[in-house]
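These notes concern the structure reproduced below.
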Amino acid sequence: MPGFNIQISGDCHDENAWQVNSAFQGPAYNIETARSHRYALEILQPLSNSNGNLLLFLAKCSRPSAEIDEIKVHNGQDEIFRPGKQHWRPIEFTFYEVLKNTGDTSEDMAAKLIHEWWSENCVDIRNSRILPPDQFTSDAQLDMLDGAGNSVWTYDIYRSWPSKISPSDLDYSSSEIARISVTLKYDKAIERK
């Protein structure tokens with residue numbers, strides 16, 4: 001059952017106890033299931049005029065996933081299918097908006113930095129010029145964390161940029177925490193553990 005790690009057999013000090021040969025092989029007591037609420041996203045130098053990284057602890061995030069186009073080849077009466085070009089679906093992530101603006105941490109400035117990064121994309125209104133891609137794309141790193149804050153697995157995300165920012169709606173009758181959702185496009189992602 002997810003979330004429960006009951007030692008069934010084997011040495012309870014053995015990290016690989018689940019590999020012990022027995023009639024029933026259960027999970028080791030020290031193997032934790034993956035949790036869907038522990039994500040951290042670090043964007044490496046999102047602004048062209050800054051040298052700092054932006055670290056966000058996310059309320060919600062989709063994982064990078066690739067799609068491969070299908071190529072149909074006609075061979076007489078047969079249709080043969082081959083893999084075509086690969087492209088990556090955008091990542092959708094949501095973080096909580098922090099009102100305190102002390103400037104001490106990137107969490108305090110996250111909404112401002114994300115908006116500045118988004119506004120730097122493609123068109124700089126102040127100067128009415130088109131920026132080259134190397135000035136508005138940034139590499140990023142998406143981590144799933146365990147209960148102690150250690151990385152379980154990591155996605156390296158290359159040449160990312162925010163294509164859409166959606167702040168939560170304002171509602172006087174609600175007391176929910178304000179959130180900001182961002183659509184992050186990128187060229188490629190590599191999973192590593």
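The values are calculated or read from the model by the stated rules, or taken from the named source; none is laboratory data. Just so it is clear, the structure is predicted and the values come from calculations on it, not from any experiment. Neighbour counts are summed over all protein chains in view; Cβ atoms, including those assigned to glycine, are modelled from backbone coordinates with ideal geometry.
Values as computed for the structure displayed
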item: Hits in segment 47-87 (condition: touching a Phe, Trp or Tyr at 6+ places or on another chain (Cβ under 9 Å) and in a strand (DSSP E or B)); result: LEU54, LEU56, PHE57, LEU58, LYS60, CYS61, ALA66, GLU67, GLU70, ILE71, LYS72, VAL73
item: Residue within segment 110-129 that is at pLDDT 90 or above, assigned by TED's automatic domain parsing to the domain that holds SER166 and not in a strand (DSSP E or B) present; result: no
item: Residue within segment 158-168 that is at pLDDT 90 or above, assigned by TED's automatic domain parsing to the domain that holds PHE93 and on the phi < 0 side of the Ramachandran plot present; result: yes
item: Single unsatisfied condition, SER174 versus (1) small (Gly, Ala, Ser); (2) over 24 Å from PRO64 (Cβ atoms); (3) not in a loop (DSSP other than H, G, I, E, B); result: (3)
item: Filter result for the condition that a residue is within 20 Å of ILE190 (Cβ to Cβ) and at pLDDT 65 or above, over ARG82, ARG63; result: ARG63
item: Residue ID - surrounded by the most Cβ atoms within 10 Å (Cβ to Cβ), chosen from residues in segment 174-193 that are at pLDDT below 85 and not hydrophobic (A, V, I, L, M, F, W, C); result: SER174
item: Test for THR94: is it at pLDDT 85 or above and either polar (S, T, N, Q) or part of a loop (DSSP other than H, G, I, E, B) (or both); result: yes
